[in-house]
Amino acid sequence: MKRAVQALLAVVFLALAVLAIFTGRTGRDAENRIDLVPRPGAATVFRKEATLRNVTKGPIVYTLLPGPGRTAPRTRTLAVGGVDRIATDLPVEISFDNGRRTTTYLVHPGRPYSFRYDESRVIRVYPGSHGRQDAADLAPFVPTPPEVVARMLEVAAIGPEDVVYDLGCGDGRMVIAAAKTRGARGVGIELDAALVEQCRAAAKREGVGNLVRFLHMDAAKARLTDATALVLYLLPESLEALAPLFERDLRPGVRIVSHDYKIPGWDDRIVHTEVLPAEVDRDHRVILYRMPEKR
Ligand SMILES: C[S@@+](CC[C@H](N)C(=O)[O-])C[C@H]1O[C@@H](n2cnc3c(N)ncnc32)[C@H](O)[C@@H]1O
């Protein structure tokens, strides 16, 4: 009898596991899917989802405000690193207390967002983050102005002998400029598939398709052993998270030039820093590092 019950439980467990694999829903994902207007019997009511990812260092409590078809607010707690998937075909208002005041944001279906810190360590909702659980969330897409790109390449003395990597390359402008203006080869790594398409089209348009390539992958999983220079525009916590990768793969003498943000704990490797005058939109900082001899 005991054996029969055990066998039955094993079969049920296996069936549930197979179901989870085929529907792509782990327990955690399912728990984080929020159907705003659940309709009994309908497995998929909405075609789209807005994803909200928590890349802060603490849980986030936020409220989904009432909207079309829903009268009551719903309060959620999103764990560190967690992703909520809000199934909706209409924009949804969310609000949360960022420690200073209650702020409200409109999140749109089909787009990813993240809760992350701004430069003053205040938590805000940022668009453009990928909202994926299997990849590092390095920064939302905010392009570096062309004048700043040009100065970064100049400061790092990029030339035809260089292989320039941009981790989180956005629309590819940094490696494309490195190829076009300095004859360097380049590798851009980007997680957003639509941006990778843009990069490849832009490289072709600019006539540097033979010098640059773009990889659609998580930059945190990249191999950088052939890089002679990195150009970066990532958040400080992302630079900190990537630092072990730099230590592992980069050879002595490799230059790293970063837009705006320093690599935490690397001040002794800075060889140059400058603030570009605010002629573009605001001040932009350029920081140049050089990899030391291996200890
Ligand atoms: C601040 S933008 C910088 C774009 C470009 N480097 C520039 O300076 O114009 C950061 C980029 O990193 C991408 N990104 C975020 N997480 C990533 C990851 N794990 N792997 C690759 N790219 C990522 C984002 O999609 C975004 O395009």
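The separation of the stretch 214-281 from the stretch 102-123, counted between C-alpha centres, amounts to 25 Å. In terms of other Cβ atoms within 10 Å, 93, 237, 190 run from fewest to most in the order 93, 237, 190. Say R0 is 35 Å: what FRET efficiency, to the nearest 0.05, do residue 111 and residue 79 get from their beta-carbon distance? Step by step, r from the Cβ atoms, then E = 0.95.
Taking other C-beta atoms within 10 angstrom as a stand-in for reagent exposure, 261, 113, 165 fall in the order 261, 113, 165, fewest first. Hey, can you grab everything whose amide H is under 5 Å from the amide H of residue 98? Only 5+ residues off in sequence or another chain; H modelled, so Pro and N-termini drop out. The answer is 103. Normalised radius of gyration (Cα atoms, divided by 2.2 N^0.38 Å) for the stretch 146-290: 0.97. Put simply, the amide H of residue 184, placed in the peptide plane, has neighbours under 5 Å in 179, leaving out anything fewer than 5 places away on its chain.
For residue 118 and residue 285, the difference between the fully extended length at 0.36 nm per residue and the C-alpha to C-alpha distance is 58.5 nm.
Where a number appears in this text, it was derived from the coordinates with a stated rule and is not lab data. Bear in mind the structure is a predicted one, so any value in this text is a computation, not a measurement. Neighbour counts are summed over all protein chains in view; Cβ atoms, including those assigned to glycine, are modelled from backbone coordinates with ideal geometry.
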